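Note sheet for the following structure.
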Amino acid sequence: MRKIIYSIAAMCILLFLASCGANPEKGIIGKWENVKVKGSIYEFFRDGTIVITDPREGSAATDYALLDDKHFKIMYPFGEKDVIAFSLSRNKLILKENIRNKKHVEEFRRIKQ
């Protein structure tokens, strides 16, 4: 009987830990540099602000919101909104979006501060 109770308790703990998973909001916070375009940086802040830096055009701040663990929405200052798919590992961020009906994929590496 004791073995059954311990087994059930262990399964409950494992289910709880599995349901917690990685929090994408915490993981995405920080500075990310495009691996192909040096100086192209996305910096995500906890308050829902993102600063996008383009080496040719400078920096602009706008708002973002996580929709789920694979999508976020950017609200551009001129009123447009864009939903971007992403995948996140410890130091790698992949962004996927459709631009003019073409799939566009960008890879970013975390900038350590």
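The numbers here are math on the coordinates, done by the rules we state, and not lab data. Computed from a prediction, not measured in an experiment: that's the story for all the values here. Reconstructed Cβ throughout: ideal geometry from the backbone, glycine too, with neighbour counts over all protein chains shown.
Worth a mention:
- Descending by average beta-carbon neighbour count within 10 Å, the peptides 75-81, 36-42 line up as 36-42, 75-81, the highest first.
- Neighbour-count order for E57, E43, fewest beta carbons within 10 angstrom listed first: E57, E43
- Between the beta carbons of R100 and F45, assuming R0 = 35 Å, the FRET efficiency works out to 0.75 to the nearest 0.05.
- Under-18-angstrom lysine pairs by C-alpha in region 24-110, whenever the two are 8 or more apart or on separate chains: 20
- Relative contact order (%) - criterion: Cα under 8 Å, at least six apart; region: region 24-110: 23
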